[in-house]
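> Structure in structure tokens, see below.
The values are calculated or read from the model by the stated rules, or taken from the named source; none is laboratory data. What you are looking at is a predicted structure, and each value in this text was computed from that prediction instead of being measured. Ideal geometry is used to build each Cβ from the backbone, glycine not excepted, and the neighbour counts take in all protein chains shown. Heads up: the accessible areas ignore ligands, DNA and RNA and are worked out on the full protein's heavy atoms, side chains in. Shrake-Rupley method; radii C 1.70, N 1.55, O 1.52, S 1.80 Å.
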Amino acid sequence: QVQLVESGGGLVQPGGSLRLSCAASRNIFSTSNMRWYRQAPGKQREFVAVITSVGVTKYADSVKGRFTISGDNAKNTVYLQMNSLKPEDTAVYYCNSIYQGNDYWGQGTQVTVSS
């Protein structure tokens, strides 16, 4: 069993930055990919970014060049640095990993971009 706990969300003005964190209850980063998804009101959950167990990263086109995913194995934590935020980035952001065949999700953290 793995627990994923997100933090770092909040209210930010357009053009601002936030850093989200996802802490895992055990060390899964060495064997599992870690993903961020987001879900805006009235929309389907969508992929944001992934970091593989060997550190390869990939991003959705909508966030490429503005968001950076990274991980700290020693802290069992993955981060999502979000810069140049736009109102359309407003959503609940979720951390996700598939570990030993099980699909784990965090509870989500709200990000609101508004002036």
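> Please work out which one of (1) surrounded by fewer than 20 Cβ atoms within 10 Å (Cβ to Cβ); (2) in a loop (DSSP other than H, G, I, E, B) is the condition Val50 fails and give its number.
(2)
> Another question, then. Just need a number here: residues in region 1-36 that are of a type outside the set (Val, Ile, Thr) and within 21 Å of Ser53 (Cα to Cα).
Adding up the residues that qualify gives 20.
> It is to be established whether one or more residues within region 68-80 are farther than 15 Å from Tyr94 by Cα, among the aliphatic types (A, V, I, L, M) and modelled with pLDDT of 95 or more.
No, region 68-80 contains no residue that is farther than 15 Å from Tyr94 by Cα, among the aliphatic types (A, V, I, L, M) and modelled with pLDDT of 95 or more.
> Sticking with this one: Looking only at region 6-45, count every residue that is in a strand (DSSP E or B) and open to solvent by less than 80 Å² (accessible area, probe 1.4 Å) and tell me the total.
16
> Tally the residues that are closer than 14 Å to Phe29 by Cα, open to solvent by 70 Å² or more (accessible area, probe 1.4 Å) and in a strand (DSSP E or B), restricting the search to region 62-102.
Qualifying residue count, region 62-102: 1.
> While we're on this one: Got a number for residues in region 103-115 being aromatic (Phe, Trp, Tyr) and either within 11 Å of Leu20 (Cα to Cα) or open to solvent by 30 Å² or more (accessible area, probe 1.4 Å) (or both)?
So the answer is 1.
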